[in-house]
Amino acid sequence: MSLLSLNNISKTYARVKVLDAVALDIMPGDRIALIGDNGAGKTTLLRLIAGSETADPESGHIQLARGTVLGYLEQQLEHLSSNSDFALEDPELTAVEAELRELQSLLEDATDDDELTDLMNKYAKAHDRHEAMGGFSFRQRLTATLNAFSLDEASIRRPLEQLSGGERMRVALARLLLRSPDLLLLDEPTNHLDQNAIDWLEDYLTKQSSAVLFVSHDRAFINNVATKTAELNAGKIRIYSGNYSNFLELKELEEKTLARRIDKAEKRLQRQEEITQTMLSHRKITQYHSSEKKELRISEELSALHQENRSSHKRMSFRSLKQPDSVRSRRDQVALEATELSLRFPGETEPLFADLSFKLLRGQHIVLVGKNGCGKTSLLRTLMGELPQTQGSVTTASNLVFGFLGQEANFDNYDLTVLEQMLYLQPRLNENQARSELARFGFSGDAVFQRTGSLSGGERSRLFLCALLQDQPDVLFMDEPTNHLDIFSRELLEDALNEFSGTILA
């Protein structure tokens with residue numbers, strides 16, 4: 001029996017049908033990777049299942065098996081407004097533990113036999129409830145989960161405004177996993193996790209009993225976790241057995257089969273056109289009209305095949321990053337130098353990092369690695385001048401253009417359309433130039449009139465990156481640059497960065 005059934009779910013946004021009669025069954029033990037382009041409707045589908053979408057689907061229905069406990073990790077957590085949203089303790093479990101402590105205290109003071117019997121009966125019942133709720137293993141699981149995500153109980157109780165986007169995501173994920181729901185809905189769960197945490201999550205998901213439907217653009221994570229791969233494309237969903245590597249093999253076979261069908265249809269159409277022309281030249285009007293109708297049917301079939309072929313091939317391409325000229329890109333020249341750099345936040349006794357000294361040479365591509373919370377983002381922001389260092393200095397070469405892509409793409413005004421946002425960020429562009437650049441990043445046609453606030457996380461990242469690269473930076477600081485980018489976009493970005501002869505610290 002399925003835990004969840006989707007039947008003919010359809011949903012439209014901005015005149016685009018993102019979900020078109022989608023059907024999906026999730027069985028116990030399934031671990032399904034939901035993949036597709038940015039903006040394909042993956043997050044919308046998860047939100048509909050979780051009941052978080054503001055409006056119901058236009059058609060179809062969602063059926064959750066009776067008694068199934070559902071847990072949902074959202075991609076964007078900006079709406080959370082209080083630390084109660086992050087409380088790791090289960091309120092019911094906490095209440096039972098408090099009851100047990102109170103009964104234990106009363107038992108120690110009880111002297112009357114009837115009172116003692118009554119208290120022991122109450123204690124036994126509370127003890128059974130605590131055991132049924134997994135209370136005896138909770139603290140052990142809590143410690144393991146906090147350690148996996150580089151968290152501690154003190155950090156959970158910090159004011160919300162002091163939590164970074166990464167900390168919010170990790171706390172929300174820890175809270176969700178501790179609930180042990182029957183069905184997990186995870187929207188890009190590896191964003192903001194270091195490799196140790198990703199490894200732990202992979203191990204957890206493959207060993208626990210919950211079914212999982214997850215959106216991810218992390219190819220290795222999908223390969224290590226998924227038992228099925230669901231591709232959402234042009235509003236339709238297709239299920240493939242196995243992980244992402246299996247999906248690619250099956251997809252390649254499908255594309256070869258489709259290419260053969262197109263070739264055969266084109267040859268049939270050519271022959272039928274010749275027959276039609278022959279009938280016309282011989283004045284065989286009845287046969288001519290019959291042949292013409294057959295030609296039309298083949299033409300429509302071919303058009304449908306070409307449409308299927310187009311929908312399976314992405315046409316987005318990042319414009320090549322500017323290649324600095326030979327003088328400015330000399331490898332022996334220093335782009336940036338940090339000297340005895342230290343950073344300590346107000347109220348903290350220990351510095352986040354101290355006495356860092358290093359040089360970035362022009363043309364170097366350097367990856368900054370470390371556990372969550374060790375200060376990677378803060379170091380990048382300090383180098384960019386966004387955070388004042390406690391001590392030390394940062395010097396940069398003259399006449400260099402610096403660009404910074406953060407973990408999240410943030411904009412001043414989310415009510416602007418994609419085109420308006422581009423013109424606001426790059427006022428030197430005219431409308432035609434802006435549309436041309438946006439098209440390179442997957443925004444063409446009516447897509448440029450979407451509100452920025454309605455974009456998916458990946459679409460926001462692509463829009464921000466499109467605007468950023470118009471400045472043609474010599475030095476790129478990138479904080480988890482592939483966050484939210486779909487798999488194809490990640491591959492394009494990887495290729496572009498590999499060809500970039502400027503300096504990168506990411």
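The values are calculated or read from the model by the stated rules, or taken from the named source; none is laboratory data. Fair warning: this is a prediction, and the values are worked out from it, not measured in the lab. Virtual Cβ from ideal backbone geometry, glycine too; neighbours counted across all protein chains shown.
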From 2, 52, 59, residue being in contact with a Pro (Cβ under 9 Å, 6 or more places away or on another chain), on the phi < 0 side of the Ramachandran plot and small (Gly, Ala, Ser): 2
Which of the residues spanning segment 363-393 are on the phi > 0 side of the Ramachandran plot and touching a residue at least 40 places away in the same chain (Cβ under 8 Å)? 363, 370, 373, 392
Just name the residue that is surrounded by the fewest Cβ atoms within 10 Å (Cβ to Cβ) out of those in segment 241-275 that are hydroxyl-bearing (Ser, Thr, Tyr) and assigned to a helix (DSSP H, G or I). 257
Residues of segment 26-61 classified as within 26 Å of residue 242 (Cβ to Cβ) and part of a strand (DSSP E or B), total: 6
Taking segment 70-87 and the residues there that are surrounded by 11 or more Cβ atoms within 10 Å (Cβ to Cβ) and more than 23 Å from the chain's Cα centre (by Cα), the one that is modelled with the highest pLDDT would be 87
Number of positions in segment 216-238 that are assigned to a helix (DSSP H, G or I) and aliphatic (A, V, I, L, M): 3
Hits in segment 402-446 - residues which are surrounded by 18 or more Cβ atoms within 10 Å (Cβ to Cβ), aromatic (Phe, Trp, Tyr) and farther than 25 Å from residue 37 by Cα: none
State whether the residues of segment 449-457 include one that is assigned to a loop (DSSP other than H, G, I, E, B), in contact with a helix residue (DSSP H, G or I) (Cβ under 8 Å, 6 or more places away or on another chain) and among the hydroxyl-bearing types (Ser, Thr, Tyr). yes
The one condition residue 380 fails out of (1) closer than 30 Å to residue 35 by Cβ; (2) surrounded by 15 or more Cβ atoms within 10 Å (Cβ to Cβ); (3) at pLDDT below 90 is (3)
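Just the residues that are charged (D, E, K, R) and at pLDDT 90 or above, please, taken from segment 12-24.
20, the sole residue that qualifies.
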So which residues in segment 466-491 are part of a helix (DSSP H, G or I) and either surrounded by fewer than 20 Cβ atoms within 10 Å (Cβ to Cβ) or in contact with a helix residue (DSSP H, G or I) (Cβ under 8 Å, 6 or more places away or on another chain) (or both)? 466, 467, 468, 487, 488, 489, 490, 491
